[in-house]
Amino acid sequence: MLIVLSGLPGTGKSAVAAAVAAELGAVQLSVDPVEDALLGAGLPRSWETGVAAYEAVRAAAEQNLALGHTVVVEAVNDSDVARDTWRNAAARTDARLAFVLLTLDDAFEHRRRLTGRVRDLRHLPEPTWDEVRQRAAAYAPWDEYCVLVSAAGPVDQVARAVLDQLPS
């Protein structure tokens, strides 16, 4: 199974993905560290580099799915093109696909999480609150079913909500 955790920066995708993967004994993959590595290797900060990061994670997901592992991927996935990455990976490996969208409607809490997070990314700058709001305004609607989960609670509760709503 390929589980794709989506949502705006600062909603808690990485922490929830780690908790879900731990519970399932799954492989966890994240786009941001890969993009950070690409930037560290000298690629420019650009749309193309972001796409390359998605594609690198897709390839790793496909390898692990082919080995029979459950894979939890986390990325913003704010466009249909980004979501196609995971649709293609599932189709190529005959894996079941579950999209999960983490939401955080409390703007104060969302901003607090965004500005308070510390990640070990040296080349990928943290987005500003204004950039996150711009991304929210441009976030493409979902054309298919996705599990909606509020990320307002503690990580373990959010992870449990994700697990409880995954298709069997």
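What follows is calculated from the coordinates using simple rules that are stated; it is not laboratory data. Only a predicted model underlies this, so the values are computations on that prediction, with no experimental measurement involved. Note: ideal-geometry Cβ built from the backbone for every residue, glycine included; neighbour counts use all protein chains shown.
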Please report, in cubic angstrom per residue, the volume enclosed by the convex hull of the alpha-carbon atoms of the stretch 2-165.
111
Euclidean distance of C-alpha centroids, the stretch 90-130 and the stretch 30-84, integer Å
13
Through the Karplus equation 6.51 cos²θ - 1.76 cosθ + 1.60, θ set to phi - 60°, convert the phi angles of the stretch 15-23 into ³J(HN,Hα) values in whole Hz; use x for Gly and Pro.
5, 5, 4, 4, 5, 5, 4, 4, 4
Amide H to amide H, which residues 5 or more places from residue 28 or on other chains are under 5 Å from it, using H placed in the peptide plane?
72
May I ask you to evaluate 6.51 cos²θ - 1.76 cosθ + 1.60, the Karplus curve with θ = phi - 60°, for each residue of the stretch 106-111 and list the ³J(HN,Hα) values in order in whole Hz, giving x for glycine and proline?
7, 4, 4, 5, 4, 5
For the stretch 67-75, what does the Karplus curve 6.51 cos²θ - 1.76 cosθ + 1.60, with θ = phi - 60°, yield as ³J(HN,Hα) per residue in whole Hz, taken in order and with x for Gly and Pro?
7, x, 7, 6, 10, 10, 10, 10, 6
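Averaging sequence separations of C-alpha pairs under 8 Å and six or more residues apart, then dividing by the length of the stretch 1-87, give the relative contact order as a whole percent. Don't skip to the answer; put the middle values down first.
Working: 113 pairs, mean separation 43.1, N = 87.
Here the relative contact order equals 50 percent.
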Give, as ranges by residue number, the residues of the stretch 75-118 whose backbone N falls under 13 Å from the point 7 Å along Cα→Cβ of residue 166.
96-100
Quote the FRET efficiency, to the nearest 0.05, computed for residue 130 versus residue 46 with a Förster distance R0 of 22 Å and r equal to the Cβ-Cβ distance.
0.65
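Counting each pair of different Cα atoms once, what's the Kirkwood radius of the stretch 1-77 in Å, rounded to one decimal?
Values: mean 1/r = 0.0784 Å⁻¹.
Value: 12.7 Å, from the Cα pair sum.
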